[in-house]
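Okay, structure first, notes after.
Just so it is clear, none of the values below were taken in a lab; they were calculated from the coordinates. This is a predicted model, so every value here is computed, not measured. Cβ coordinates were reconstructed from backbone atoms using ideal geometry, including for glycine residues, and neighbour counts include every protein chain displayed.
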Amino acid sequence: MKMINKISKNENSTSLSLVKTTYTRYMITTVVLALIYVFLMFLVNQGIIGDYILRIMKQIGIFLIAALGLNLILGFTGQFTMGHAAFMSIGAYGSAIMTKNFNMPFPIALLVGIILAGILAALIGYPILRLKGDYLAICTLGFGEIVKVVIQNVDYVGGARGISGIPGSTSFLIVLIGVALCYAILKNLIHSSKGRAIMSIREDEIAAEAMGINSTKYKMIAFIIGSSMAGLAGGLYAHFNSFIDPASFAFSKSIELITYVVLGGMGSLSGTVIGTSILIYLPECLRGLSEVFKTYRILIYAVMLVLMMIFRPQGILGTREITVDNIIKFFKKFGKNSTKNIVQDEKAGE
Amino acid sequence: MSTLLQQIVNGICLGSVYALIAIGYTMVYGIIKLINFAHCDIYMVGAFLGYFAATVLGLGFIPSLIFSMVSCAVLGMLIERIAYKPLRNSPNVTLLITTMGMELILQNFVKADFVAGPNTRNFPEVIPLISYKIGAITISNLQIIALAITIILCVALQYLVNKTRTGRAMRATSYDRDAAALMGININRVISLTFALGSALAATAGVLVGMLYPRLEPAMGVMPGLKSFVAAVLGGIGIIPGAMFGGLAMGLIETLSKVYISSGLSDAIAFSILIIILIVKPTGLFGKKNNVKV
């Protein structure tokens, strides 16, 4: 009896401490993010960061949300989808109509966009996620085009002219909260048992099914979550740009999102952050430098993409992540290596 | 009734262009299991090269067509050698992204100021337009020429693939690349040849479209490219007669749905057909079932 008591006590204490540590971790992350936000707002108020930079930062955040969702489908589940921009357009149109035609508050409109994108993902995902590889890519591509053409032909949403005069209520705070939430959701999902199941589908779908994993179910989960995030990004984009039209969510936008994910590394959340930031910020910061870059921006992008695929197909980070733990580990290892080298040098000297 | 017949004639003409592009998609997929997204831009480059030959060099129709075909064949081979060959053994996603990158490169290169610029251009009238009236149907000589060229090229390609030694090497490579290499077939040459043939056919399609609907712009390849890709999937990707059939079917579906259903939604109808086919019979109408072995 005593033993059992002891064990249960131990278990209790460990689980408690676990909760405590994750809880404190969340607290610390929230506080750090809040501090960063306050610091940035301080800089904005002082005029050190202009509206232009703030606008670019918002843009990075918005596309980062969509790219994170895409990374869940493309990088972690290994399902090649080329219609991600279509879900962005659903979110954008859904929320824009809510705020403009029904005078809904902004957060509810965003929620409507997310739910619409999620429902559509569930409807389209159920039949097409059984397809594999290239066929899935083609199917999602076709789906993206269908969504575009249908929106172009519905007069209620403005047809090819799009919707203009959407209230510009996307603030930097909302974007930051959105990014943090999406990042946290994905990180927790990936480190849960469901996340392991999702990643096992990427590695080998047949083997995963043989291990008793319901691959369709987990593919659906990943597809719906990823697409809902695209819906959120679309809603934010609509209220950031104040104008949307079907052409702004065309096939090329899907490719752009894929580029962000691939540059950072498929299967790495922090890689997506880096990839998106670089690819959105680089053209903006080089715009002032030279006219050549501005005119041939997409050409340079494309050349970069092809070179990158040839020389470093796994992206900047591969599947690794940048976390506080990893950084500490890296520095510790680095320190050890350098001391080892010194010891070896001394030995060689003897 | 007469509109229906007229639309069928127009649809077959459009479909023959789609078929020419679709053959390139299907041949490349058959050999290296790759969806070559850059293919639709080779079609666009072909149209521009035909324009260049006809205006700047002042060549006639047939010489411009041959000029465009040969240059595009070389371009297709070069693209394969530079961008795709180093990646032949890497995962599918990597290759797909590379082809998209190539697509963007070609499109924006032509769009650049020192090449053609972003404006639309009008293809010169290389052959004067003559319209024939047969009963209630009107056919122009250009449509007849386009159809004739398509049929000649398709027959020639079928002969090449099915009756010659090179064709046998191509079929062997598409059946099993490694085994074909062990039998002494030069795989690299076969793959280059496939890209060259596909690109030459796409260039032909480009020149024919330039002649039939004389408007050229750098983004002109995207929609026909997607549609002929749908055509290739419809007929069963990897099967050349399937691509020809699929192209004709797509042309007919597009023109008929434009007239009888809705002109705006005809693209959506084309892609819905794609999705339905993929869900019901992913291997296409002419395809055989392929079991995955563990």
> Which trypsin sites (Lys or Arg not before Pro) from segment B:201-294 combine a DSSP loop assignment with at most 10 other Cβ atoms within 10 Å?
Replying inline: B:Lys288, B:Lys289, B:Lys293
> Classify segment B:23-221: rounded, prolate or oblate, from the alpha-carbon gyration tensor (a ≥ b ≥ c, eigenvalue square roots; a/c under 1.5 rounded; otherwise prolate if a/b is larger than b/c)?
Replying inline: oblate
>> Which one, B:Ser266, A:Pro167, A:Ala86, projects farthest toward the positive side of the charge dipole computed for the protein assembly as shown from Cβ point charges (K/R +1, D/E -1)?
In response: A:Ala86
> Can you give the angle from 0 to 90° between the axis of helix A:251-264 and the longest principal axis of chain A, with both taken from C-alpha atoms, to the nearest 10?
Replying inline: 10
>> Using a 10 Å cut-off around each Cβ of peptide B:86-93, what is the average number of partner chain Cβ atoms that fall inside?
In response: 4
> For segment B:169-294, what relative contact order do you get, as a whole percent, if you take Cα pairs closer than 8 Å and at least 6 residues apart?
Replying inline: 18
>> Please rank B:Met1, A:Met229, fewest neighbouring Cβ atoms within 10 Å first, as an exposure proxy.
In response: B:Met1, A:Met229
> How large is the charge dipole for the protein assembly as shown, taken about the Cα centre, if only the Cβ atoms of Lys, Arg (+1) and Asp, Glu (-1) carry charge, to the nearest 20 debye?
Replying inline: 1540
> Do you know the relative contact order of chain B, to the nearest whole percent, from alpha carbon pairs under 8 angstrom that are 6+ apart?
Replying inline: 36
> If you place +1 on the Cβ of every Lys and Arg and -1 on the Cβ of every Asp and Glu, how big does the dipole about the Cα centre of segment A:23-334 come out, in debye to the nearest 20?
Replying inline: 520
> To the nearest whole number, what is the average tally of beta carbon atoms from other chains within 10 Å of the beta carbons of peptide B:200-208?
Replying inline: 0
>> With the cut-off at 1.5 for a/c, could you classify segment A:65-177 from its C-alpha gyration tensor as rounded, prolate or oblate?
In response: oblate
>> Please check: in the Gaussian network model of chain A (C-alpha springs, under 10 Å), which one of A:Pro167, A:Pro283, A:Pro127 has the largest mean-square fluctuation.
In response: A:Pro127
> Karplus couplings for segment A:75-83 from phi (6.51 cos²θ - 1.76 cosθ + 1.60, θ = phi - 60°), rounded to Hz, Gly and Pro as x?
Replying inline: x, 8, 8, x, 9, 7, 10, 10, x
> Dipole magnitude of segment B:23-221 about its Cα centre, charges +1 at Lys/Arg Cβ and -1 at Asp/Glu Cβ only, in debye to the nearest 20?
Replying inline: 520
>> Residue by residue through segment A:174-189, what is 3J(HN,Hα) from phi via Karplus (6.51 cos²θ - 1.76 cosθ + 1.60, θ = phi - 60°)? Round to whole Hz and write x for glycine and proline.
In response: 5, 4, 4, 4, x, 4, 4, 4, 4, 4, 5, 4, 5, 5, 5, 4
> When we measure straight from the Cα of A:Lys219, which aspartates and glutamates land under 20 angstrom away, once same-chain ones fewer than 8 places off are left out?
Replying inline: A:Asp134, A:Glu203, A:Asp204, A:Glu205, A:Glu209
> Taking the Cα centre of the protein assembly as shown as the origin and placing charges on Cβ (Lys, Arg +1; Asp, Glu -1), which of B:Gly76, A:Leu176, A:Leu43 is farthest toward the positive end of the dipole?
Replying inline: A:Leu176
> Average partner chain C-beta neighbours within 10 Å, per residue of B:36-42?
Replying inline: 1
> Straight-line reach from B:Lys227: which aspartates and glutamates have a Cα under 12 Å away, not including same-chain ones fewer than 8 places off?
Replying inline: A:Glu145, B:Glu254, B:Asp267
> Based on DSSP H runs of at least 4 residues, each adding -39500 (n - 2.57), what is the mean residue ellipticity at 222 nm of the protein assembly as shown after dividing by all its residues, to the nearest 500 deg cm²/dmol?
Replying inline: -25000 deg cm²/dmol
>> Taking amide H atoms as placed 1.01 Å from N in the peptide plane, list the residues 5 or more away in sequence, or in a different chain, whose amide H sits under 5 Å from that of B:Leu265.
In response: none
> Which of the listed residues, A:Leu54, A:Thr319, A:Leu64, is farthest toward the dipole's positive end in chain A, when Lys, Arg count +1 and Asp, Glu count -1 at the beta-carbon?
Replying inline: A:Thr319
> By average Cβ neighbour count within 10 Å, what is the ranking of B:135-141, B:146-152 from highest down?
Replying inline: B:146-152, B:135-141
>> From the phi angles alone, apply the Karplus equation (6.51, -1.76, 1.60; θ = phi - 60°) to segment A:224-234 and give each ³J(HN,Hα) in whole Hz, x where the residue is Gly or Pro.
In response: 5, 4, x, 5, 5, 5, 4, x, 4, 4, x
